[in-house]
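The values are calculated or read from the model by the stated rules, or taken from the named source; none is laboratory data. Values in this document were obtained by computation on a predicted structure and should not be read as measured data. Quick reminder, even Gly has a Cβ in these numbers, built from the backbone with ideal geometry, and neighbours come from all protein chains shown. The area values use the complete protein model at the heavy-atom level, side chains included, leaving out ligands, DNA and RNA. Shrake-Rupley method; radii C 1.70, N 1.55, O 1.52, S 1.80 Å.
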Amino acid sequence: MFRNFKLVPNVIFGRGCFGQLDEIIGKYRGNDKSWAVFVTDDVFKGKALEKRIPMHDNDMLLWVNVDDEPKTGYVDELTLQVKAFAQGTPCAVIGIGGGSSMDLAKSISLMLTNKGSSTLYQGWDLIKNPAVCHMAVPTLSGTGSEVSRTAVLTGPEKKLGLNSDYTVFDQVVLDPELVKDVPDDQHFYTGMDCYIHCIESLEGTFLNEFSRSYGEKALDLCRQVFIDEHEDKDDKLMMASFFGGMSIAYSQVGACHALSYGLSYVLGTHHGIGCCITFDCLSEFYPEGVKEFRTIMEKCRIELPRGLVKNLKEEQIEKMVTVALGLDPLWENCLGRDWKNIMTRDKAKALFLKM
Ligand code: NAD
Ligand code: ZN
């Protein structure tokens, strides 16, 4: 069976295109009572961007905090706040921020039309009703959340996304001017998330021409950003993120993402840095990619934290292994159908102990 996957139907790209957001939302506004919700990373409180959010009188500005990556409990709480704000459902939910804020916006838009807690929908195609119209305005490039069919959430039992066709954004606003104040280390971690998406897709057994076409272009863009330090690097990384997301949509990520999920489940390590810590230990599986990654890391003067796992309790390490090995498709993509014979619990544990 071939996957018939849903694409984002509308994309606007260009420096300053955020200025057109009001007009774009306008198409979804009905009568004078209609209202939109701006799910906005609180890092922008008091910053110039706050004043540029095209709020109308009835609209809701919902600040979100992403010091911790999105949890199901937080999504449920935010959804209740939106429901209590006004009658009916909003005409649009607009996520402004990095992968975390975009995933929160996706999740809220889904939970406004689907009953119960978001924990009920962690998995594949469990969402029953279409979401409220939702839009993404990335302010940090790399995760590919702007094009993906998932919203990654950590719940009481698992870290697993709300994966469905309804999760895909209705509109994406790609304005490279919005990423200019991202701190250097964050730019590296989230940018490397994109780099790793490309390597895992291009080196994987699920590779096909669709994924290769997007993955090769995204990887080329990453190199222009991080190796050549191209003057248009913000524009380039924004497109790399988009294309990297397109590449994995029709293939899969691999060993690095599987292990990093284990790490972040137990330690709360954020996605970008978690992927970097993990990838650095995977030269056995991605020799060329890891070599180039280390060159970039040196160029960016990044020092990764080390020794995160060795002093943990045995049961915590075992939990990491269980979470990581639960991600069958990622391992199959990396190592082929026979992966269980290669990536044993002992092998996975040994890799964690290097981190
Ligand atoms: P993030 O959204 O967690 O943000 C990281 C930090 O950067 C935060 O402190 C944030 O406030 C700050 N920030 C964002 N934009 C900024 C700006 N313009 N200026 C200054 N600071 C800014 O980081 P991320 O790496 O983009 O996202 C990680 C999240 O994305 C994780 O929760 C991960 O699970 C998720 N993810 C989702 C997908 C998907 O397909 N849905 C894919 C990969 C990762
Ligand atoms: Zn990733």
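What to note about this one:
- Tabulated pairs, the range 105-126, first farther than 24 Å from Ile94 by Cβ, second among the aromatic types (Phe, Trp, Tyr) and open to solvent by less than 10 Å² (accessible area, probe 1.4 Å), C-beta under 7 angstrom, 6+ apart or interchain: none
- Count - residues of the range 64-87 that are farther than 17 Å from Phe44 by Cα, modelled with pLDDT of 95 or more and more than 16 Å from ligand 2 (Cβ to nearest atom): 16
- The one condition in (1) at pLDDT below 95; (2) open to solvent by less than 20 Å² (accessible area, probe 1.4 Å) that Gln171 fails to fulfil: (1)
- Residue count for the range 113-155, restricted to those that are farther than 21 Å from Pro9 by Cα and more than 16 Å from ligand 2 (Cβ to nearest atom): 13.
- Inside the range 291-327, residues that are among the polar types (S, T, N, Q) and under 16 Å from Val225 (Cα atoms) make up a count of 1.
- When the range 303-318 is filtered for residues that are outside any loop (DSSP other than H, G, I, E, B) and of a type in the set (Asp, Glu), the ones remaining, listed by number, are Glu314, Glu315, Glu318.
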